[in-house]
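For reference, the structure discussed in these notes is given below.
The values are calculated or read from the model by the stated rules, or taken from the named source; none is laboratory data. The model shown is predicted, which means the values in this text are computed figures rather than measured ones. For neighbour counting, all protein chains shown are included, and Cβ atoms are generated from backbone atoms with ideal geometry for every residue, glycine included. For the accessible areas, the whole protein counts, side chains as well, though only heavy atoms, and no ligand, DNA or RNA atoms are used. Shrake-Rupley method; radii C 1.70, N 1.55, O 1.52, S 1.80 Å.
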Amino acid sequence: MMRDVYLGCLTERMEEDPRVLVLGADLMHSDGTATLQDIFPRRVVNVGVQEAHMVSMAAGLAAVGKIPLAHTFACFHARRSLDQAYISAAYARLPVKLIGTDPGITAAFNGATHMPLEDMGIMRSVPEMIVVEPTDPELLRSLLPQIIYASQPVYMRLYRKEVPAVHPVGTEAVLGRGIVLRDGSDASILASGLMVAEALAAAHALRQQGLQVRVVDMFTLKPLDRRLVYQCAVETGAIVTAENHSVINGLGAAVAETLADLMPVPLERVGVQDRFGEVGSPDFLMQRFHMTAGDIVGAVRRVLGRKRRLT
Amino acid sequence: MLSMEKYQELRTFAHRIRGETLRELGSLGFGHIGGCMSIVEVLAVLYGAVMQVDAADPEWSDRDRLVLSKGHAGPALYAALALRGFFPLEMLQTLNQGGTRLPSHADRCLTPGVDMTTGSLGQGLSAAVGMAWGLRLDGSPSFVYTILGDGECQEGQIWEAVLFAGNAGLGNLIVFIDHNQQQLDGWVQDINPLGELRQKWENFGWHAQDVDGHDTAAIYEAVLSAQAAKGSSSVIVLHTVKGKGCSFAEGETMNHHMRFTQEQMEQALADWEKEGETLL
């Protein structure tokens, strides 16, 4: 479970550094931080159902030298307490860490009201905000200290449940740098979150059809690894993005901007197409929103068609 | 008890803050005059008698903090800080100019002595609660003060913080409400009345007091009483007059943000000077 990995890494940090504090808003049994209350009773605060207060309070804690991690569902961080994140934390240059759980379709049975398909895009619009989505346990373990000690505010998506492991044990990730998981020269799939595993499955299927497709884990949406995007454009000439998020203002949009700036090549964006969430199992929702490995295969075929027409 | 000498000193300090704020806004011809004028006396008490701060070391870790939650009253705070030596008085004339360190709303990254960035109403109280919580964790002797507007108390986030801090019993948190009865669009009573503020905050578990917000001695005594309430978060409701001491703003209904002529400001400064003579 990602939650257990998170709690393990966080406990380690809290043991070493008394400045690290945890805030929650009546979801501490959901994200597991309730277990930290027993270990660090003075440094873990449940404010109750008041996200706006929690985020501004976290800013106040940062102003007196603490390192607060404020937890709630991703949808609430991005929608309910955005002004607090923007003004109290980011504009005030107070490096609060916002941890948003149940990103995208993993809000599953909580349905549309709880399903953040826009959180990364909203947070990306906040100046100086680092926006990151650790893909699997290894990446989370490697990135969490960098996130905690970042001098800027951070918005981090956190999967609570099991996610496919895509990175080998011992991976040392760097915030802001993508990781090439599989090389290839015909096209590149730049993916994030749940979609990295789908991208790998798609690349595997395409290999059976004689195509060599590169797969990159773009776990940091901001700052985006523009150098790597450029490299993929130059070396493979066609790009597909895949994200557990709206294609508006998310990874697909960020990559499109970068390509337009640096090296326009054909691009297809897999993700949620300007629509609200729905209730259902993650598998159902992945089909519903056309976010499966099969959908990525289709996108790669389309993008290769466009690439061929250009050459 | 405040000595007669200290009382006199605070009245004079308040008078000087008022005058410097008028000149500062006067340079622009517009600004949040009403809510600046109504908090002059509490600023005088805080920076003249209560707060432990060091103008030579604005980031001193054991200092007391002020969060001006009603961030639009920044110009009054800047006048108090300049008079306390945080920066030269001449800097007040740069208010709102491009590249200034004195923006319309308080900004901790720009102005020496400003402890929190505010301007989006309702957030400053929560930030002050965070500061008080963090300082308490460290066993710090510092107090955190914050000034809210009464219109600001219509924000839902205020009541989130009031509930939380009432329960948390933050003895190092002292909140002032500038209860001048007016907000941008008119009288609070006509728009969305707040009821009895002291009573409401008491019901949320706060140590709560009502005082005349233009009486420096009364404010000072109330702060001492709040400091003594060690197990409780404290609120002091300041009964004030919006625009107080500025002849063209005081008594006006629409005095939250005003445009004024040079003649009006000259008259206001002349009246202010006359008022000063009564202090001697």
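Tabulated data for the structure shown
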| read-out | value |
| --- | --- |
| DSSP beta bridges in the range A:179-310 [antiparallel fraction, %, rounded to 5] | 20 percent |
| Principal axes of the range B:4-279: Cα extent on each, largest first, Å | 51, 45, 42 |
| Listed residues A:Glu51, A:Glu235, A:Glu15, most fluctuating in chain A (Gaussian network, C-alpha, under 10 Å) | A:Glu15 |
| FRET E, pair A:Arg309, A:Arg207, Förster distance 22 Å, beta-carbon r, rounded to 0.05 | 0.40 |
| Phi to ³J(HN,Hα) by Karplus 6.51 cos²θ - 1.76 cosθ + 1.60 over the range A:169-183, Hz, x for Gly, Pro | 4, x, 4, 10, 8, 10, 3, x, 10, x, 10, 7, 8, 7, 8 |
| In degrees, nearest ten, helix B:74-83 long axis to first principal axis of chain B (Cα) | 80 degrees |
| Using alpha-carbon coordinates, inclination of helix A:195-208 to the longest axis of chain A, degrees | 20 degrees |
| Rounded Å value of the spacing that divides the Cα centres of the range B:195-233 and the range B:254-270 | 32 Å |
| Per-residue HN-Hα couplings for the range A:298-310 [Karplus 6.51, -1.76, 1.60; θ = phi - 60°; Hz; x = Gly/Pro] | x, 5, 5, 4, 5, 5, 5, x, 5, 4, 5, 5, 7 |
| Rg/Rh ratio calculated on Cα atoms of chain A (Kirkwood radius) | 0.98 |
| Alpha-carbon centroids, the range B:84-108 and the range A:216-294: separation in whole Å | 45 Å |
| Structure-based [θ]222 nm, chain A - -39500 (n - 2.57) summed over DSSP H runs of at least 4, per residue, nearest 500 | -11500 deg cm²/dmol |
| Loop GluC sites (Glu not before Pro), the range B:107-207 (other Cβ atoms within 10 Å of the site Cβ: 14 or fewer; DSSP) | B:Glu196 |
| Rounded FRET efficiency, nearest 0.05, which uses the C-beta distance separating B:Leu279 from B:Trp187 and R0 of 30 Å | 0.45 |
| Delta accessible area of at least 40 Å² on complex formation, residues of the range B:135-171, 1.4 Å probe, chain isolated as reference | B:Leu137, B:Gln157, B:Glu160, B:Phe164 |
| Principal-axis tilt of helix A:137-148 within chain A, Cα atoms, nearest 10 degrees | 50 degrees |
| Cα gyration tensor shape of the range B:37-190, rounded if a/c is under 1.5, else prolate or oblate by comparing a/b with b/c | oblate |
| Cβ-based net charge around B:Val67, under 15 Å, with every Lys or Arg adding one and every Asp or Glu removing one | -2 |
| Computed E for A:Glu257/B:Arg101 - FRET, C-beta separation, R0 30 angstrom, nearest 0.05 | 0.35 |
| Built amide H within the under 5 Å cut-off of A:Val131, gap 5+ | A:Tyr155, A:Leu221, A:Lys222 |
| Long-range HN-HN contacts of B:Ser38 with modeled amide H, under 5 Å | B:Gly243, B:Lys244 |
| Under-5 Å amide H pairs with B:Val235, H placed in peptide plane, nonlocal only | B:Val175, B:His207, B:Ala208, B:Gln209 |
| Cβ-defined net charge surrounding B:Met265, 12 Å radius [Lys, Arg +1; Asp, Glu -1] | -2 |
| In Hz, Karplus ³J(HN,Hα) per residue of the range B:11-26 (6.51, -1.76, 1.60; θ = phi - 60°; x = Gly, Pro) | 5, 5, 4, 4, 4, 5, 4, 4, x, 5, 5, 4, 5, 4, 6, x |
